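Bear in mind these aren't lab numbers, they're just calculated from the coordinates by the rules spelled out. Remember, it's a predicted structure, so these values are computed and weren't measured experimentally. With ideal geometry, Cβ positions are generated from the backbone for all residues, glycine too; neighbour counts draw on all protein chains shown.
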Amino acid sequence: MSKYIVEDTRKVTTHRLVEMKRKGEKIAMLTAYDYTMATLVDGAGIDIILVGDSASNVMAGNVTTLPITLDQMIYHAKSVVRGVKRALVVTDMPFGTYQVNADEAVKNAIRIMKETHADALKLEGGEEILPSVRKILDAGIPIMAHLGLTPQSINKFGTYGVRAKDEAEAEKLCRDAKLLQDAGCFALVLEKIPAALGTKVASELEIPVIGIGAGGGVDGQVLVCTDMLGMTADFTPRFLRRYADLHTVINEAVGNYISDVKACDFPNEKEQY
Ligand code: KIV
């Protein structure tokens, strides 16, 4: 049984998240990519569901997030939105849909919002994507920003290691965070950066900062649902805490089913018409 009791059952809004930061209430965010997981995660009381482009890795088996398409993200987001009553649903804009120019970015952003009914979008990057960020915000679409390790740039970084360890990169990150806040983004994800830098950015911004591998001094945490549920047994970064071992649970359940079918033990008399 979950030890968390949802006190406020109203739909989570971007305003409520800023209010949570002001009051010092931590924000809990998880990814989901399909209807069934979305109903489970939302029903447990999560504040934000991210339809992450990590779907490219954990749903489609790609090595990076780059191959997932706009159509595929729209499919995942529509499935999630159908299962959600309370959480704010944020959808990732996939690689290539907002980097070309601001006009193309806003066209793609509007398409996601119209077809999925998600509440907001997430874009990776700082100053270099500001024209797209501004144009999308001008269209009335809320944006969650994403700095630090930005997996859509993995081919530029060459590694999934911790970002912003040196002064120059840390300074750029702080500058970008402020620019994105000033442009009107409602929240910021910081991925895989030193904890002290996460704490500094969160204390300097008024908008909530949600961390993944950014330490405990930020305003909330996000994890990939399949990782925290222990479905992905071979992914073991330091920042990941596993809250279940579904890999073992599923392996045992499927093994038992196979044994029962082979032994003519399933279905029994009560399980047939
Ligand atoms: O796509 C994703 O799952 C993400 C989170 C890791 C923040 O962007």
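The order of 34, 219, going from fewest to most other C-beta atoms within 10 Å of their C-beta, is 34, 219. Each stretch of four or more DSSP H residues adds -39500 (n - 2.57); spread over every residue of the chain, this sum gives -12000 deg cm²/dmol at 222 nm. Once you reduce segment 1-69 and segment 93-166 to the center of their Cα atoms, the two points are 18 Å from each other. Of the trypsin sites (Lys or Arg not before Pro) found in segment 29-120, the ones in coil according to DSSP and having at most 11 other Cβ atoms within 10 Å of their Cβ are 85. Shown here for segment 1-70: chymotrypsin sites (Phe, Trp or Tyr not before Pro) in loop regions (DSSP other than H, G, I, E, B) with at most 13 other Cβ atoms within 10 Å, namely 4. Within segment 215-230, find all residues whose amide N lies under 17 Å from a label point positioned 7 Å from the Cα of residue 44 along Cα-to-beta-carbon. Answer for this model: 221-230. Stretching residue 127 away from residue 22 to a fully extended chain increases their span by 35.2 nm, per 0.36 nm per residue minus the current alpha-carbon distance.
Packing here is the average count of other Cβ atoms within 10 Å per residue, and on that basis the peptides 67-75, 8-16, highest first, run 67-75, 8-16. Kirkwood hydrodynamic radius of the chain, from the reciprocal of the average inverse Cα-Cα distance over all distinct pairs: 19.6 Å. Along segment 197-210 the Karplus relation, 6.51 cos²θ - 1.76 cosθ + 1.60 evaluated at θ = phi - 60°, assigns HN-Hα couplings of 5, x, 4, 5, 4, 4, 6, 8, 9, 8, 7, x, 10, 9 Hz to successive residues, with x for each Gly and Pro.
A convex hull fitted to the Cα coordinates of segment 29-150 yields 95 cubic angstrom per residue. With the simple spin-label model, which puts each label point 7 Å out from Cα in the Cβ direction, the residue 196 to residue 71 separation comes to 5.0 nm.
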